[in-house]
Amino acid sequence: MLRARIISLIIALIGLLVIAGLLIYDMRARDTGGLSEPLASIGGPFVLTGTDGKPFDSASLAGKPFVVFFGFTHCPEVCPTTLNDLTLAFNALGDKAHDLRAVFVTVDPARDTPEVLKEYLASFDSRILARTGSADEIAKVAKLYRVYYAKQATSDGGYTMDHTSLVYLMNRDGKFVGTLDFHEDPNVRVKKLEKLVQ
């Protein structure tokens, strides 16, 4: 009886190892450079306001790969670091990133006017576009991308914004295919963007 159980366990273990091996083989065979198949549940069309004060329709990005990042100009670390990382990655890609765009959507429209955003973005790659809008418009876009953000009071009587720090990667069809992370290795970041622009 005990021997039969041991044999059954060994067979089950061998079966699990075979399945695990096949899954690993399949993942390696389908290596996508960190990107996945398009997921239609994240992203979608939106209209916001550009740094020139004019409406910006995401339809203008049709046929081009782009990334979307939510943040705010008073952000002490994550936002400027992420925008700088994108600038460096764009430069590393060279001509490959010709059609690539980044859309920086503020989650603090009360302070981030078109003029403020224009001045803020002057320090980063020109392909990074800053966009604002009404509180309701920002909320709709954040919902499309499943982004969390919330105002938090500070001890000096002011406020800061908590927010999702991921960069969303959108392919030429406007479909979500992956993310960049704030703590990600720069080489991984470039590899993902290189795959996105192919």
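Values quoted throughout were computed directly from the atomic coordinates according to the rules given, and no laboratory measurement underlies them. Note that this is a predicted model, so its numbers are computed, not measured. Methodologically, a virtual Cβ is constructed for each residue, glycine included, from the backbone with ideal geometry; neighbour enumeration extends over all protein chains shown.
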*Using 0.36 nm per residue, how much length does the chain from Asn84 to Glu184 gain when fully extended, once their Cα-Cα distance is taken away?*
34.7 nm
*Straight-distance crosslink candidates among lysines, where the alpha carbon sits under 23 Å from Lys191 and sequence neighbours closer than 8 are dropped*: Lys64, Lys96, Lys175
*Taking the Cα atoms of region 47-197, what is the range of coordinates along each of the three principal axes, in descending order and whole Å?*
45, 32, 28
*For region 118-167, which chymotrypsin sites (Phe, Trp or Tyr not before Pro) are in a loop by DSSP, counting at most 14 other Cβ atoms within 10 Å?*
Tyr148
*Along region 176-186, what does the Karplus equation 6.51 cos²θ - 1.76 cosθ + 1.60 (θ = phi - 60°) give for ³J(HN,Hα), rounded to whole Hz, x for Gly and Pro?*
5, 10, x, 9, 10, 10, 3, 9, 6, 5, x
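Sum up the charges of everything whose Cβ sits under 12 Å from the Cβ of Asp112, counting Lys and Arg as +1 and Asp and Glu as -1, but leave Asp112 out. Please report the intermediate quantities before stating the final value.
Values: positive: Arg111, Lys118, Arg131; negative: Asp108, Glu115, Glu119.
Surrounding charge for Asp112 is 0.
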*Candidate lysines for bridging to Lys151, where Cα separation is under 27 Å - those fewer than 8 sequence places away on the same chain excluded*: Lys54, Lys118, Lys140, Lys143
*Fewest first, what order do Leu100, Leu93 take by the number of other Cβ atoms within 10 Å?*
Leu93, Leu100
